[in-house]
Each structure stands twice: as structure tokens, then as C-alpha cells.
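> Below you will find the structure I want to go over with you.
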């Protein structure tokens, strides 16, 4: 999956044609936010946990897992994942302590990709050509959709799976 | 000084995606602390007013025998006080008891707690707690020195300072953009909550509108008054700086 680097809000408002997409953090940004003291993030394979829990390879392949170190000290784990909701894709990153309890959760990005209106060319067309103005204008995006209830149930389910996978991989 | 940028984060809270943004300067650690405090405020309100958590203020209040005093956090007392105020201001149209109070708000408040006034009263703060959470998060941002920013809890939004947030209202397959500047906005759009086929059914039955958006100074008021506004003909109370946009 293509991931965009974090852009400032100003840039986002200028660049994103509002099919309702927002980038909050890159994986690197989330690593720093979840473990500010860590100086190294070493890729971690979750294959062992996936085999133990019988989680399909394709599901785990979408995840990016890291072990976080401050010097030689293990300070925790970071797993970036994406979940598909009813009308949206949400990328998120979970931080876990060395004891594998969840100590943070950050949304990385959001795409409304397959909602009813989003598929309609007429809906998309009405946003083209809009530009930034006023002291500071924030891009049209999820935030800015009012009246569509966005559920984060899938994120909650994803976080649970991530915690189980890290536990089964590293225990 | 470096030009202002936006520090923007989102977390899953209150069952939706809560989006917080502040106008900050590069590498501003205070802005990060402010955003963390805003999320903490939203989480705190969610814990107090969740119907799913048996230990929440709201669950304990609903579970206690009518007339029995239940200790409540300051957040919950504040929301219930505003709910009673808005119940009176809207002649009972805003009702957290969903009619089970039989015309009364259904609860009474003391200095550190409250109680249900009648057996059979079931309170739900779904129509107001999210707005309060947004207000609390904005207060947290301001207390951390943020001059401009916004908090958006799945469509209940408040912006403050020199920032304009264009909000896209979905009205069927059309979109309408409302600029929110130093104000709060909430939407009640009952057509959207159903399936597409269901939405069409609703639209046919009430063919002149499918929902309403309310702008007000405080998000708690915008949130509560959308529930009033969707009842066509219900006039919004004065004094809240509230205005309504019909989705038609």
C-alpha cells in the first residue's frame, strides 16, 4: 500500500482533492510519538505469532512491526497496520511495552475509499479547483464530513489482533 | 519565526475518529503536549458518559434506584445541568430521557451527584456528551497556550482562533461546504444512518429535508440543538448564538 509522508496541514489543504483523505503521521513519525526515548527501530517479523495464532499470511503481510530500543535497552514494540471499515481505510500504529501491554495508539492516515458518494463522479467533481484561503484553511477531509458516522470498531479489532500477534511472537 | 504549520493528530475515541489540530510553529513540544491533553479530555468524558461501561457515571445513575443519590464526576454533573437547561429552553424538545421522564428532565442534581427522579427513567447522553467532550478538548488546548486550532469528534466540531475549517455537509449525493471559524458545528442527519434504500424511504416520507446542521458558540449546544432542529418547526432558543442549516 502506498503511504504518503506526513505533510503539514497547509500542504494537505492545497494538494488533497477531497475524496476525504487525511495523513496524520508517517510510520517514522508514529515511532517517535509512541517511543520518544527510543533511538532504534528494528524490523520484527510477526510470522511466528501468525503461525501460532493461525492468522492468514496476507493479513500479517500488511503489518509493519518494529522492536524499539533506547541504546541496548528494549523499550517496546511498534506495529503499523491498516483496517478496512465499511466505507473507509484507516492506517494506525500501536505501541506496546516490553511486557506487551498497549501504551499508545496513533492514527496514521485515513482514506474514504469506497463510500457511496465517493464512487459518484458528480460528488468528486464538486471539489475540484478549491484552494486554500483565509488565515489558515484546513483541507476538506474526514473531519470535515459532517453527518457521516465513522466507526472505529475495526481499529479496535485490529489493535486486539496486533497485541495477540506481538505476544505470540515475542513471548 | 518560522511560518505556522498545523500539528494534526487523530485517535479512535468515543467510537469514532477524533481529529485534533493546532496551529503551531516547527518543533513545538508545547503543541504536542496540548494535543495529548485534548485527547485525554475526550477520553475522560467518554469514560464518564459511556453507556457500555458498567462503571461509568451514566451506567451507575441508570442502574441506581430512582431517588437514590449517585456520586457523579464534575463532567457528568456539568453535562446533566446543561441538559436540564436545554430541556427548559426548548420546551422539552431536547430530552436526554428520551420521553421516559414524562415531560420532566428525569433527573435532579446535587452538588456532588444526582439521581433519577422516577422509576422507568432511562438517561442517555449520546446527544450531548460528544459536544461536551469537544468543548473540554478545546479548553485543554487553550489552557496549553494554543491560540488557534480545532477538535472534531466524528462531525461534532469546534474551531477557535485564526483558523477556518471548511466542513463538508453531505446532503444526499450533493455536498455543501460551510466555513467554521470561531464556532462549533454539529449535524443530525437521520437519513444517513440508514441503508441507501432506507434513506430514500425516509426522504420520500419527509421529502423536504433529511437533516439539520447547527452552528453555535459551544459544541455542547450545537450537538444538543441538532436533535431539536431536525424536528421541523421547532424554533431554536435564543442566547446561544445558534443558527440552523436545513439539509434540503
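The values are calculated or read from the model by the stated rules, or taken from the named source; none is laboratory data. Being a predicted model, the structure only gives us computed values, none of them experimental. Heads up, the Cβs are rebuilt from the backbone with ideal geometry, glycines too, and the neighbour counts pull from every protein chain shown.
> Being in contact (Cβ under 8 Å) with a residue 60 or more places away in the chain and under 18 Å from the mean Cα position of the chain (by Cα) is the filter; apply it to the stretch B:89-126 and report the residue that is nearest to residue B:231 (Cα to Cα).
Among those that are in contact (Cβ under 8 Å) with a residue 60 or more places away in the chain and under 18 Å from the mean Cα position of the chain (by Cα), it is B:93.
> Which residue out of B:133, B:108 is modelled with pLDDT of 95 or more and closer than 17 Å to residue B:60 by Cα?
None of the other options fit; the residue is B:108.
> Which of the residues belonging to the stretch B:192-236 are at pLDDT 50 or above and in a helix (DSSP H, G or I)?
B:219, B:220, B:221, B:222, B:223, B:224, B:225, B:226, B:227, B:228, B:229
> Would you point out which residue out of B:81, B:129, B:147, B:162 is within 13 Å of the chain's Cα centre (by Cα) and within 23 Å of residue B:184 (Cβ to Cβ)?
B:129
> Which of the residues that make up the stretch B:137-158 are surrounded by fewer than 21 Cβ atoms within 10 Å (Cβ to Cβ), assigned to a helix (DSSP H, G or I) and in contact with a helix residue (DSSP H, G or I) (Cβ under 8 Å, 6 or more places away or on another chain)?
B:139, B:143
> Sticking with this one: For the stretch B:15-41, give me the residue count where each residue is farther than 19 Å from residue A:23 by Cβ, facing chain A (nearest Cβ under 10 Å) and modelled with pLDDT of 90 or more.
Final tally of qualifying residues: 1.
> Can I ask one more? Name the single residue, out of those in the stretch A:82-126 being more than 7 Å from chain B (Cβ to nearest Cβ) and at pLDDT below 60, that is surrounded by the most Cβ atoms within 10 Å (Cβ to Cβ).
A:115
> I'd like to check something: does the stretch B:50-57 contain any residue that is crowded, with 23+ Cβ neighbours inside 10 Å and in contact (Cβ under 8 Å) with a residue 24 or more places away in the chain?
No, the stretch B:50-57 contains no residue that is crowded, with 23+ Cβ neighbours inside 10 Å and in contact (Cβ under 8 Å) with a residue 24 or more places away in the chain.
> Further question on the same structure: Please return the ranges of strands (runs of 3 or more DSSP E) entirely within the stretch A:50-100 where 2 or more residues are without any contact (Cβ under 8 Å) to a residue 60 or more places away in the chain.
By residue number, A:64-70, A:73-84.
> Which one of these does residue B:168 not meet: (1) buried (at least 22 other Cβ atoms within 10 Å of the Cβ); (2) facing another protein chain (nearest Cβ under 9 Å); (3) more than 22 Å from residue B:224 (Cβ to Cβ); (4) at pLDDT 90 or above?
Unmet for residue B:168, out of (1) buried (at least 22 other Cβ atoms within 10 Å of the Cβ); (2) facing another protein chain (nearest Cβ under 9 Å); (3) more than 22 Å from residue B:224 (Cβ to Cβ); (4) at pLDDT 90 or above: (4).
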